[in-house]
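The values are calculated or read from the model by the stated rules, or taken from the named source; none is laboratory data. Just so we're clear, the structure is a prediction, and the values are computed from it rather than from any experiment. Positions of Cβ are backbone-derived with ideal geometry, glycine not excepted, and every protein chain shown enters the neighbour counts.
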Amino acid sequence: MTENNDIQVDPPRIGVFVCHCGSNIGGLLDCKKLAEYAETLPDVVYGEDNLYTCSETGLSSIKKAIKEHELNRVVVCSCTPRTHEPLFRKTVQEAGLNPYLFNFVNIRDQCSWVHMKEPEAAFDKAKDLIRMGAAKATKLEPLNKNIVNINPVAMIIGGGVSGMSAALSLSKQGFKTYLIEKEPMLGGLVNDLYTLAPANVKSSEFLEKMKGEIASSSNLEVFTSTVVKSIQGFVGQFSVDLDNDGTLVKVDTGIIIVAIGAKSLKPFGLYGYDGSNVVTQLELESMLQDESYSPKNVVMIQCVGARNAERNYCSSVCCMTAIKNALILKERDPSAKVTVLFRDIYMPGIFQEKMYKKARDNGIIFLKYSPEKQPVVEQDVVKVHNEFINDVVAIPRDMVVLSTPLVAYDDNKELGQLLKVPLQENGFFLEAHVKLRPVDFATDGIFIGGAAKWPADITESISQGLAAASRASTILSSEMLEVEGATACLPEVNKNLCKGCEVCLNVCPFKAIVKNQNGDIEVIQALCKGCGTCVATCTRKALTIRHFTNEQILSEIIALTSE
Amino acid sequence: MMVQMESNSKQALVIGGGVAGIQAALDLANMGIKVHLVEKKPSIGGRMAQLDKTFPTNDCSICILAPKLSECSRHPNITIHSFSDVQSIQGTTGNFTVDILKHARYVKEDVCINCGVCAAKCPTRVDDEFDRYLRKRNAIYMYYLQGVPAVMTIDKDRCLYLTKGACRLCEKNCDKEAIDFEQQDEIITLDDIGAIIVATGYDLYEDIYPLTRYGYKKHRNVVSAIEFERMLCASGPQEGHVKRLSDGKEPDKIGFLQCIGSRNARDKEYCSSVCCMYTTKEAMIAHEHNNELESYVFYIDLRAGGKGFEKFLTRGEEEYNIKYIKSKISEIQVDAEENPIITYEDLESNEIKQMKLDLVVLATCIIPSRDGEDLADKLGIELEENKFIKTNAFFSAETSKEGVFTCGCAHEPMDIPRSVAEASAAAARAAEVIRGAV
């Protein structure tokens, strides 16, 4: 981090841009009046309203105003900094301003949307927010972004199909790649499957081909029987300690991809599950390896242990697995009776819906049951209430197969802590944005693919593995990376205030604060996300956070209470 | 990001500027690979730009897409060819040559500032395609408000001057002198294309097939889901206040009909994958506009396999007054007030029932892009039986031709997260080819 004390800043000349966001804001608040109001505020020399400030038209308008009105601070009053702050910072930068001389005022998510029914009060609140934003703008200081060097090496944790796909792609793109697998061999859950849907390919053949490709890649190093012990560093510069069957191995890498998959739920206590005549789909897969195995009467029950209060999710792969296995049994013995008891058949898209039709055409029976009237497994029959005939039907069975969901590994928690990345409520990893950043973590340089994020079939796991490789490649392809500049620090002038109490070390959720050899507190800039927890807890007020300094926050409070 | 340029001179071509094409282009560009992004419409953004909100987070669709549009337009490694089609392709993997046909928009892209004065002066009003014909636009127009590039386009089939030789009001009123009636279609030849990504998205069933069985286009209170999406949207034709097209009345009871044109032997047999979810989202948003709203979803199977999807449906039932009815629809009639009355078989009770509604929304089937066959011919790639791009069952980025990859709804109906992930996957494969090419 460069010190910015020597950068000269002229007296503030603030421009305020009020966005209508179509009618999201403009439909409730008079944006033109708000822009006029802004112009009455101290140091504000220009105000305007835009239909969409984020459109190319709006952005050019900001740049034009910076030039024409010699603005040195820009305030945009619009949606939310979560999605739009980077864009506006970049815009002011393109017009020659330091990107941190931009301030965001949230008048949509935190005003027009939440006060939809009170337009007048919302208008007053918007005025308050704008006054506060402009006041803070006068106190803004230019900051430099932190630069980190990128080590062009990739590490993938998890050697299933998703992890293997990611590793192969990165190695083919020319990056030194490490693939880490906990088990003695690669392949993950696919090792335990007989065939793969929707194309009915032998799992063993599929895996052999992929493993062969990995073995022949020169810059791809595989560690099996290996677990991650510790992870230090940050994007571009991670150092990882691995436990390779009892031996410590140290690996330096620029990025990390998590692809540790998920496991199939064992339904103890449900439907008389015994692992021999009442089995899971996964157990049936291994029974099918014996090609003479061909039971006469098979009943499959879907959503076992899923779509309930405990696991309120559809595992998305079980219908396809059940239908695939039902077709195999029917093919082995066309006279076999195979019945699938389901709640909703999840076979979306082209390939899967076609499989479902084939199953019906081949005489596989599908019966719907409701969660209120669950099937009952008895010695020779499965009894189920059929809503269509409004009666209980008894279906003969030699074999009952329970379709259980994929559930998160218990390891996720530990790995999540090592990586400092979050899990969602079912224990799966939580990505940066469900919609638009499906394989990124919020933490820079760490990515996620496959069933560790959410139950996924083979096709999707491979696709996500490749996607994670692409995202990783966008970092590895550069020698250097800019990271957030609005971070915490211990300014030189405050050094004597710090008494070394270490409260900050303990509260930092990103483990970004260390004590150096001299016993002084130091904030590792590339790790700091600027959350401010350390600053708020610092007993001596020695730490400060750039872009959210006490002076800046106080200026907002004073502005709020000034009218 | 400080992007280092790939030393290899090979570039990538991405066909289709929807969210998938945009993501693929951005990933490649951020790897230091030059990308040409070709979009047939006047602006990039695709279907996602037309949606009001997105499930399961109910984020405003254009709001989360817009930063990506801007990023594309300012990225030094991305060249956007909007209002353009792929004309021809030669060569093989690692070394394609592509001709792009850039249609004349009769507006200078580098001069127009999208001030809108021309449109205000244009005397011709035509149905707006982006708003699904629920609103009018002028013959000179912005494809949509936040469109990128942010320049006007003249609809040459509707412009008075271009069709009848008189008017030129837009030209007279443009201070910037951005109007150029002499502009011609232009062929742009792109050499050194190492890899191609096809992200051409989808069309909708109602665009091609009549939905007379459901009274679509006959009864004004039967609309398709994309129309309803525009009706809900704050920047749409009804400015976010849903009103019936027959009488402007706010609906209190809406029926959402699933699998329209899909999952049956008469129509398309496949499942469109996204309708159960977007229907629930639409019912939720409509309920936020009108807290008295009752929504009825007539479905075959509820398909909610994605992350947080099942919970989303539960929320719909518990908090937004949505009732899901497993059923088959037999017909739709209207009464004297044009209220739709649907007749359906309730598959839970096995009874034939009727329900009177204020509005019916049809979840119509996602179908392959209409230009798909033509493009596939030019590219030399195979299509599957429904005319989506044929892919490997396990490696969904792979088409039948080496060096040509695909992602998103161009090969199978799917939701936005999967399209985005697939786009990155296709980018990874394209980067492998480009970096391996000598």
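Pick from B:Lys326, B:Lys307: which is within 14 Å of another protein chain (Cβ to nearest Cβ) and either within 27 Å of A:Pro438 (Cα to Cα) or crowded, with 22+ Cβ neighbours inside 10 Å (or both)?
Values: B:Lys326 fails: either within 27 Å of A:Pro438 (Cα to Cα) or crowded, with 22+ Cβ neighbours inside 10 Å (or both).
Selected residue: B:Lys307, the only one of B:Lys326, B:Lys307 that is within 14 Å of another protein chain (Cβ to nearest Cβ) and either within 27 Å of A:Pro438 (Cα to Cα) or crowded, with 22+ Cβ neighbours inside 10 Å (or both).
Give the residues of the range B:27-46 that are surrounded by fewer than 24 Cβ atoms within 10 Å (Cβ to Cβ) and in contact with a helix residue (DSSP H, G or I) (Cβ under 8 Å, 6 or more places away or on another chain), sorted by residue number.
Scanning the range B:27-46 gives a single hit, B:Asn30.
Any residue that is within 20 Å of the chain's Cα centre (by Cα), facing chain A (nearest Cβ under 9 Å) and either surrounded by fewer than 24 Cβ atoms within 10 Å (Cβ to Cβ) or on the phi > 0 side of the Ramachandran plot (or both) - is there at least one of those in the range B:375-386? Don't jump to the end; show me each part of the working.
Here is the first cut: in the range B:375-386, the ones within 20 Å of the chain's Cα centre (by Cα) are B:375-376, B:386.
Retained after the next criterion (residues that are facing chain A (nearest Cβ under 9 Å)): B:386.
Restricting the remaining residues to those that are either surrounded by fewer than 24 Cβ atoms within 10 Å (Cβ to Cβ) or on the phi > 0 side of the Ramachandran plot (or both) gives B:386.
Checked against the condition, which is being within 20 Å of the chain's Cα centre (by Cα), facing chain A (nearest Cβ under 9 Å) and either surrounded by fewer than 24 Cβ atoms within 10 Å (Cβ to Cβ) or on the phi > 0 side of the Ramachandran plot (or both), the range B:375-386 yields at least one hit.
Conditions first: (1) modelled with pLDDT of 95 or more; (2) in a helix (DSSP H, G or I). B:Ser246 passes all but one, so which condition is the exception?
If we test B:Ser246 against (1) modelled with pLDDT of 95 or more; (2) in a helix (DSSP H, G or I), just (2) comes out false.
Please work out if A:Ser335 is under 17 Å from A:Leu196 (Cβ atoms) and not aromatic (Phe, Trp, Tyr). Show your work before the answer.
Numbers: under 17 Å from A:Leu196 (Cβ atoms): no; not aromatic (Phe, Trp, Tyr): yes.
So A:Ser335 fails the test.
Restricting the search to the range A:374-410, which residues are within 14 Å of chain B (Cβ to nearest Cβ) and assigned to a loop (DSSP other than H, G, I, E, B)?
Listed by number, the residues that qualify are A:Glu387, A:Phe388, A:Ile389, A:Asn390, A:Ser403, A:Pro405, A:Ala408.
From the list A:Lys529, A:Lys515, which residue is of a type in the set (D, E, K, R), over 19 Å from A:Leu554 (Cα atoms) and surrounded by 14 or more Cβ atoms within 10 Å (Cβ to Cβ)? I'd like the intermediate steps shown before the answer.
Numbers: A:Lys515 fails: surrounded by 14 or more Cβ atoms within 10 Å (Cβ to Cβ).
After applying the criteria, what remains is A:Lys529.
In the range B:29-65, which residues are at the interface with chain A (Cβ under 8 Å from one of its Cβ atoms), assigned to a helix (DSSP H, G or I) and modelled with pLDDT of 95 or more?
Result: B:Asn30, single match.
If you go through the range A:209-218 one residue at a time, how many are more than 12 Å from A:Leu186 (Cβ to Cβ) and surrounded by 14 or more Cβ atoms within 10 Å (Cβ to Cβ)?
Count: 1.
Just to check your reading of the model, which residue among B:Tyr344, B:Tyr299 is modelled with pLDDT of 95 or more, in contact with a strand residue (DSSP E or B) (Cβ under 8 Å, 6 or more places away or on another chain), closer than 30 Å to A:Lys453 by Cβ and in the same structural domain as B:Arg213 (by TED's automatic domain parsing)? Talk me through it step by step, then tell me what you get.
Working: B:Tyr344 fails: closer than 30 Å to A:Lys453 by Cβ.
Going through B:Tyr344, B:Tyr299 in turn, the sole match is B:Tyr299.
Which strands (runs of 3 or more DSSP E) does the range B:71-140 wholly contain that include 1 or more residues that are touching a helix residue (DSSP H, G or I) at 6+ places or on another chain (Cβ under 6 Å) and within 14 Å of another protein chain (Cβ to nearest Cβ)?
Working: elements: B:78-81, B:84-92, B:95-102, B:125-127, B:136-138.
Where strands (runs of 3 or more DSSP E) fall fully within the range B:71-140 and carry at least 1 residues being touching a helix residue (DSSP H, G or I) at 6+ places or on another chain (Cβ under 6 Å) and within 14 Å of another protein chain (Cβ to nearest Cβ), they are B:78-81.
Output the strands (runs of 3 or more DSSP E) that fall wholly within the range A:54-171 and possess 3 or more residues being away from every other protein chain (no Cβ under 13 Å), or say none. Can you show your working first?
On the way: elements: A:73-78, A:102-106, A:146-149, A:153-157.
Counting at least 3 such residues, we get A:73-78, A:102-106, A:153-157.
Please go through the range B:387-416 and give me each residue that is over 18 Å from A:Pro198 (Cα atoms) and at the interface with chain A (Cβ under 8 Å from one of its Cβ atoms), ordered by number.
B:Ile416
Could you check the range A:443-541 for strands (runs of 3 or more DSSP E) lying wholly inside it with 2 or more residues that are closer than 30 Å to B:Glu310 by Cα and more than 8 Å from every other protein chain (Cβ to nearest Cβ)?
Values: elements: A:446-448, A:480-483, A:513-515, A:521-523.
Strands (runs of 3 or more DSSP E) meeting the threshold: A:446-448.
In the range A:552-563, which residues are of a type in the set (D, E, K, R) and surrounded by 11 or more Cβ atoms within 10 Å (Cβ to Cβ)?
Residues of the range A:552-563 of a type in the set (D, E, K, R): A:556, A:563.
Of everything in the range A:552-563, just one residue is of a type in the set (D, E, K, R) and surrounded by 11 or more Cβ atoms within 10 Å (Cβ to Cβ), namely A:Glu556.
Condition first: surrounded by fewer than 18 Cβ atoms within 10 Å (Cβ to Cβ) and of a type outside the set (A, V, I, L, M, F, W, C). Now tell me which residues in the range A:242-262 satisfy that.
If the condition is that a residue be surrounded by fewer than 18 Cβ atoms within 10 Å (Cβ to Cβ) and of a type outside the set (A, V, I, L, M, F, W, C), then A:Asp243, A:Asn244, A:Asp245, A:Gly246, A:Thr247, A:Lys250, A:Asp252 are the ones that fit.
Does B:Tyr143 meet the test of being within 19 Å of the chain's Cα centre (by Cα) and not assigned by TED's automatic domain parsing to the domain that holds B:Cys72?
Yes: the conditions hold for B:Tyr143.
Might you check whether a residue that is in contact with a strand residue (DSSP E or B) (Cβ under 9 Å, 6 or more places away or on another chain), free of Cβ contacts under 8 Å to residues at least 24 places away in the same chain, surrounded by fewer than 23 Cβ atoms within 10 Å (Cβ to Cβ) and within 26 Å of A:Val235 (Cβ to Cβ) occurs anywhere in the range B:2-22?
Quick first cut of the range B:2-22, residues in contact with a strand residue (DSSP E or B) (Cβ under 9 Å, 6 or more places away or on another chain) only: B:2, B:4, B:8-18, B:20-22.
Okay, now just the ones that are also free of Cβ contacts under 8 Å to residues at least 24 places away in the same chain, so B:2.
So of that shortlist, the ones also surrounded by fewer than 23 Cβ atoms within 10 Å (Cβ to Cβ) come out as B:2.
Still in the list and also within 26 Å of A:Val235 (Cβ to Cβ): B:2.
Within the range B:2-22, one or more residues are in contact with a strand residue (DSSP E or B) (Cβ under 9 Å, 6 or more places away or on another chain), free of Cβ contacts under 8 Å to residues at least 24 places away in the same chain, surrounded by fewer than 23 Cβ atoms within 10 Å (Cβ to Cβ) and within 26 Å of A:Val235 (Cβ to Cβ).
Answer yes or no: is there a residue in the range B:224-234 that is assigned to a strand (DSSP E or B) and under 23 Å from B:Asp371 (Cβ atoms). Please lay out each step first, then the result.
Quick first cut of the range B:224-234, residues assigned to a strand (DSSP E or B) only: B:224.
Then drop every residue that is not under 23 Å from B:Asp371 (Cβ atoms), which leaves B:224.
Within the range B:224-234, one or more residues are assigned to a strand (DSSP E or B) and under 23 Å from B:Asp371 (Cβ atoms).
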